[in-house]
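Undergrad: Submitted below is the structure of interest, expressed as structure tokens.
Bear in mind that the values in this text are calculations on the coordinates, not laboratory data. Values in this document were obtained by computation on a predicted structure and should not be read as measured data. Here the Cβ positions follow ideal geometry from the backbone for every residue, glycine too, while neighbour counts run over all protein chains shown.
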Amino acid sequence: MDLKPSGSLKIDTFSMRIGDIEGVELDRLHAHSLAVGWPHRAEDWQFLREMGHGFVALDEIGRVLGSAMWFAHGADFATVGMVITSPRLQTLGAGQWLMKRVFEKVAGRDLRLNATRAARRLYLSLDFQPEKTVYQCQGVASLQMTGRPANIRGDVRSLGENDIAAMIALDAAGFGVRRAALIEKLFVHSAGYGLFKGHTLSAFALCRPFGRGHVVGPVVAVSDADALAVVRPHVADHSGSFLRIDTHMDNGEFAAFLSHSGMPVFDTVVTMSLGKRFAAVPYGSSLRTYALASQTLG
């Protein structure tokens, strides 16, 4: 496969050129994602730009016709996201053109992304392999007290700055890659609850403003019961308002809780990898990522 991209792309009667995503006004990026029905606010775009890097495809008069971003965690791993082109331009090669530019910047890294149905064929053509389904659960949150566990093994409390190091360690064990900078930045923008067994943090869940309301993630825990212990307070805090959780869990107590709390499955995407396979990443001490930070960030 020829992965060497050109600096411009001719499509039908017009040409596109590459630009750095940092040089594009937030309102133009916001309009770009709205055009394909994605819920990202301008603030969500800014958060992503501060965490990662990206390209945009621009036409002759500077309109944004496509985008692609990457988020590096160490020298060996990156996630890819915000790959947006119109369906027409994607069939004409715009998505592959943008991805080849990303490949130049992430050479040598294992890659992971979450593919929409529209983009799945593109990623398969680039040798990404499907791994797991992500269930996008969302709706108006409503805490059903009848489902409250009889007892929680440990103490649930709000997280503070002194807990960041423990959160980074749990996230690394559950996700398979250390993401210190991401967890630190998410903490600044989030409310968090942790489950402590003695003085040891054993599970946590962050929740921040995103899209139409708030999103809960990441959530890292050993079991459904521990995951629910730290997610339930967020559902209570946002009862009556829009809440979203992206999870790989399709059954069990955790999945049932989301559905019963006003967050049924709205859509699905597929986690795909290039290089090290997602399913092969070991969970340290049985820790699992119950909810993603986001589909873009993993």
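Undergrad: I need the phi-derived Karplus couplings for the stretch 130-139: 6.51 cos²θ - 1.76 cosθ + 1.60, θ = phi - 60°, integer Hz, Gly and Pro marked x.
TA: Each residue's phi maps through the Karplus curve to give x, 10, 9, 7, 9, 9, 8, 9, 7, x Hz.
Undergrad: Next question, about the same structure. From the phi of every residue in the stretch 268-276, what ³J(HN,Hα) in whole Hz does the Karplus formula 6.51 cos²θ - 1.76 cosθ + 1.60 yield, where θ is phi - 60° and glycine or proline is x?
TA: 9, 10, 10, 6, 10, 9, 10, x, 5
Undergrad: Grab the Cα-Cα distance for residue 20 and residue 237, subtract it from 0.36 nm times how many residues apart they are, and report the gain in nm with one decimal.
TA: That pair, residue 20 and residue 237, stretches by 74.3 nm at full extension.
Undergrad: Can you tell which of 158, 15, 273 shows the greatest fluctuation in a Gaussian network model of the chain with Cα springs below 10 Å?
TA: It is 15.
Undergrad: Based solely on its DSSP helices, what 222 nm [θ] is calculated for the chain when runs of n ≥ 4 H residues each add -39,500 (n - 2.57) and the sum is averaged over all residues, nearest 500 deg cm²/dmol?
TA: -9000 deg cm²/dmol
Undergrad: In addition: Count the lysine pairs in the chain that are 8 or more places apart or on different chains: how many have C-alpha atoms under 20 angstrom apart?
TA: 6
Undergrad: Which distance in nm do the two modelled labels at residue 105 and residue 42 give, with both placed 7 Å along the Cα-to-Cβ direction?
TA: Reported label-point gap for residue 105 and residue 42 is 2.2 nm.
Undergrad: Ok, one more. Enumerate the amide H contacts of residue 262 below 5 Å, restricted to partners 5 or more residues apart or on another chain; note that Pro and chain-start residues carry no placed amide H.
TA: 142
Undergrad: What residues have an amide H closer than 5 Å to that of residue 77, excluding those fewer than 5 places away on the same chain, when H is modeled at 1.01 Å from N in the peptide plane?
TA: Under 5 Å from the amide H of residue 77: 110.
Undergrad: Work out the length of the dipole vector of the chain about its Cα centre, built from +1 on the beta-carbon of each Lys and Arg and -1 on the beta-carbon of each Asp and Glu, and round it to the nearest 20 debye.
TA: Dipole size: approximately 420 debye.
Undergrad: I need the phi-derived Karplus couplings for the stretch 286-295: 6.51 cos²θ - 1.76 cosθ + 1.60, θ = phi - 60°, integer Hz, Gly and Pro marked x.
TA: For the stretch 286-295, the Karplus curve yields 6, 5, 9, 7, 7, 9, 6, 4, 5, 5 Hz.
Undergrad: Right, next: Please give the residues of the stretch 89-119, grouped as numeric ranges, whose backbone N is less than 17 Å from a label point set 7 Å along the Cα-to-Cβ vector of residue 277.
TA: 110-113
Undergrad: Mind listing the long-range amide H neighbours of residue 268? Cut-off is under 5 Å, sequence gap 5 or more, other chains count too, H placed in the peptide plane at 1.01 Å from N.
TA: The list, which skips near neighbours in sequence, is 136.
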